[in-house]
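Only one structure is covered here, and it is reproduced in the block below.
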Amino acid sequence: MSAPRVLLFDLAGVILDFRGVESLHELSGGRVGREAVFRFWSVSPWADRLHRGVCSPEEFAEGAVNEFSLSIAPQDFLAAFRGWCRGPYPGAFELLDSLRPLYRVACLSNTDELHVEQFRTFAIHEHFDECFFSNEIGLRKPDPACYLYAARALDVLPEDIAFFDDNNECVEGATAVGMRAHQVLGCEALKAKLEELTIVAGRNSATR
């Protein structure tokens, strides 16, 4: 199989350190665990609306507090929500920069206006050739249309893209449209997967 032309990365849990699971566990007094958190992001209409940019963060916070039966005010939930993303994993941006001479490097993230604003403070755009944020394109993973939107915008076929995400449901969605998709949990796992696939700067003949 030929080398991929594009490397497409999820952000939270792959490039960026994200503490949503831990925060919800704390806010619920230990009642809400990882499984419930992932189920919420997969099936909740509030998560869908937030990620597609069709509700405000304040509306989302009220819906999330109700769904999780949290004993805090929506504004307090929103304050905690703003702090879920703690910045890039050590070495993550350096890894991206080392790949860009040989590949087009892009991100595809289910996210929202508050975190996109935060991404700008991290200078995310300086480390990617293209950034696709669900709230800006109106599509979210694992909707097939979301992946196909990115492929069209990048002007490549889905099979020319290697995709990396921490959520297996999103990995399966990318695979279904023809991308070479891989589940990785954190930057160290990403580095190991890239080495396994021989996608390493200076060791592949792929062209941008």
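Overview of values
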item	result
L50 being outside any helix (DSSP H, G or I) and at pLDDT 95 or above	no
Qualifying residues in region 98-133 (those that are hydroxyl-bearing (S, T, Y) and under 20 Å from G87 (Cβ atoms)) - the one surrounded by the fewest Cβ atoms within 10 Å (Cβ to Cβ)	T121
Which listed residue, of L190, L185, is touching a residue at least 40 places away in the same chain (Cβ under 8 Å), among the aliphatic types (A, V, I, L, M) and surrounded by fewer than 16 Cβ atoms within 10 Å (Cβ to Cβ)	L185
When residues of region 22-52 are limited to those that are of a type in the set (A, V, I, L, M) and surrounded by fewer than 17 Cβ atoms within 10 Å (Cβ to Cβ), the one farthest from G91 (Cα to Cα)	V43
Some residue of region 53-60 being surrounded by 19 or more Cβ atoms within 10 Å (Cβ to Cβ) and closer than 24 Å to K193 by Cα	no
Residues within region 69-85 that are surrounded by 13 or more Cβ atoms within 10 Å (Cβ to Cβ), outside any helix (DSSP H, G or I) and under 17 Å from the mean Cα position of the chain (by Cα), tallied	2
Residues being part of a loop (DSSP other than H, G, I, E, B) and touching a Phe, Trp or Tyr at 6+ places or on another chain (Cβ under 9 Å) - total across region 1-46	11
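Results for (1) among the hydrophobic types (A, V, I, L, M, F, W, C); (2) modelled with pLDDT of 95 or more, shown as yes or no for each residue.
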{"residue": "L27", "(1), (2)": "yes, no"}
{"residue": "V37", "(1), (2)": "yes, no"}
{"residue": "W46", "(1), (2)": "yes, yes"}
{"residue": "E58", "(1), (2)": "no, yes"}
{"residue": "I72", "(1), (2)": "yes, no"}
{"residue": "L99", "(1), (2)": "yes, yes"}
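The values are calculated or read from the model by the stated rules, or taken from the named source; none is laboratory data. Source: prediction; values computed, not measured. Using ideal geometry, Cβ is built from the backbone for each residue, glycine included, and neighbour counts are taken over all protein chains shown.
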